[in-house]
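Peer 1: Just passing along the structure, written as structure tokens.
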Amino acid sequence: KTDLELRLEYINDEWQDRLSQQKENPLAAAMTAYIQEDYTACGKALAQVDEGSLEGENKELYTALQDKIKEPLYTSAFTTGYNAYREAQNLSGDSRTEKLTLALEQLTLAAEYSDAGTEQRTDALYFLARTYYLQEDWAQAMTSFDEYFEEYTGSTSRQQYQDAVKFSDRAKERAQG
């Protein structure tokens, strides 16, 4: 019994050391999240990694993780953010604020994990701008609409572009007056 208790204590100590190392090493935390198929947590952990300080296998691991989570992270973040944006339109008070906060977080992540000049990126930027608009954060809405216009390639719907122009103009008017 004593031998088993000692082994259990040793294993527990080893596990605690590993958890501690993960907290100190975002790349290890990212790898653990990836293995658990938690792409959002993986993306957040990778965002904390100082890419410039990586060398050799660590740099390769970082690049491989970025490549592997890009598509599933975009899809998950965009879907969650878009749904929160849509739900917020029909809510008020704290519920609306919570949904808008979630939408901003997830749509920002979707924009980060999509390639510049792609339909995915312009969709993420469009709904990010619309979320700021719903939040009545006119300055951020204008900034996000400007990013949308810079990256617009004509691949997204014409109606979306026309709506972006309309809402961008309204945000500018409201910011001024």
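The values are calculated or read from the model by the stated rules, or taken from the named source; none is laboratory data. Here the structure is a predicted model, which means the values were calculated and not measured. No Cβ is skipped: glycine too gets one built from the backbone with ideal geometry, and neighbour counts run over all protein chains shown. Ligands, DNA and RNA are stripped out before the accessible areas are found, and what is left, the full protein with its side chains, is counted by its heavy atoms. Shrake-Rupley method; radii C 1.70, N 1.55, O 1.52, S 1.80 Å.
Peer 1: If the cut-off is 14 Å between C-alpha atoms, which aspartates and glutamates fall inside it for LYS1, apart from same-chain ones fewer than 8 positions away?
Peer 2: GLU9
Peer 1: Taking 7 Å along the Cα-to-C-beta vector as the label spot, tell me the ILE35-SER92 distance in nanometres, rounded to one decimal.
Peer 2: 5.0 nm
Peer 1: If you don't mind, another one. Please calculate the 1.4 Å probe accessible area of ILE11, with all protein chains present, and give it to the nearest 10 Å².
Peer 2: 100 Å²
Peer 1: Which of the lysines could a cross-linker span from LYS44 if the Cα-Cα distance has to be under 22 Å and same-chain partners fewer than 8 positions apart are dropped?
Peer 2: Correct list for LYS44: LYS23, LYS59, LYS68, LYS70, LYS99.
Peer 1: A further question follows. Could you give the size of the charge dipole of the range 48-177 about its Cα centre, using +1 on the Cβ of each K and R and -1 on the Cβ of each D and E, expressed in debye and rounded to the nearest 20? Working shown, then result.
Peer 2: Values: 13 positive and 24 negative charges, 143 e Å.
It works out to roughly 680 debye.
Peer 1: Test of understanding: what is the full-extension gain from ASP163 to ALA139, defined as 0.36 nm times their sequence separation minus their Cα-Cα distance?
Peer 2: 6.9 nm
Peer 1: Post the alpha-carbon centroid distance, the range 109-142 to the range 159-175, in whole angstrom.
Peer 2: One Cα centre to the other: 13 Å.
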